[in-house]
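The values are calculated or read from the model by the stated rules, or taken from the named source; none is laboratory data. Being a predicted model, the structure only gives us computed values, none of them experimental. Here the Cβ positions follow ideal geometry from the backbone for every residue, glycine too, while neighbour counts run over all protein chains shown.
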């Protein structure tokens, strides 16, 4: 009896997988290129950060892009059209004085996906379906932008 309860408990744990599944088959869009560009303000309090741009073509009309996961950060993305391509933009700031903590979503993404520094996960929905994930490893590092500080008088 004791062994059957333990076996049933293990079976329940194994069948309830919380791992996120990557879409590898029919992804309803094509990622043509991806870039990351870091920036730094001219003054210490300006901070620094980075902007990630994902260029998408052939996106189905019912696709909604939700978030991107990049360099251990879960980022909201915005979309706009440039030169006939849909551009997803996500940015983050790095401030030495900020004390950032990881939320459950970031911890879950870390466990679900083992990513290299140049890989990104795109979270999207097709119509009213549940969230799906697509991975790319072609994020190109652009030259950093260094903003000048205010001139001293």
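Taking region 116-132 as the range and being surrounded by fewer than 13 Cβ atoms within 10 Å (Cβ to Cβ) and closer than 25 Å to residue 60 by Cα as the test, the residues that pass are 127, 128, 129, 130.
For residue 59, indicate whether it is assigned to a helix (DSSP H, G or I) and either more than 20 Å from residue 115 (Cα to Cα) or modelled with pLDDT under 90 (or both). Taking the combined requirement at face value, the residue does not satisfy it. Output yes when any residue across region 24-46 is closer than 27 Å to residue 110 by Cβ, touching a strand residue (DSSP E or B) at 6+ places or on another chain (Cβ under 9 Å) and modelled with pLDDT under 70, and no when none is. Taking every residue of region 24-46 in turn, at least one turns out to be closer than 27 Å to residue 110 by Cβ, touching a strand residue (DSSP E or B) at 6+ places or on another chain (Cβ under 9 Å) and modelled with pLDDT under 70. The residue list 113, 65 contains one member that is at pLDDT below 85 and surrounded by 14 or more Cβ atoms within 10 Å (Cβ to Cβ), which is 113. May I ask you to verify whether residue 148 is surrounded by fewer than 16 Cβ atoms within 10 Å (Cβ to Cβ) and at pLDDT 90 or above? Taking the combined requirement at face value, the residue does not satisfy it. Please work out if residue 121 is at pLDDT 85 or above and under 17 Å from residue 52 (Cα atoms). So residue 121 passes the test. Of all the criteria given as (1) in contact with a strand residue (DSSP E or B) (Cβ under 6 Å, 6 or more places away or on another chain); (2) surrounded by 13 or more Cβ atoms within 10 Å (Cβ to Cβ); (3) within 15 Å of residue 136 (Cα to Cα); (4) modelled with pLDDT of 85 or more, the one not satisfied by residue 92 is (3).
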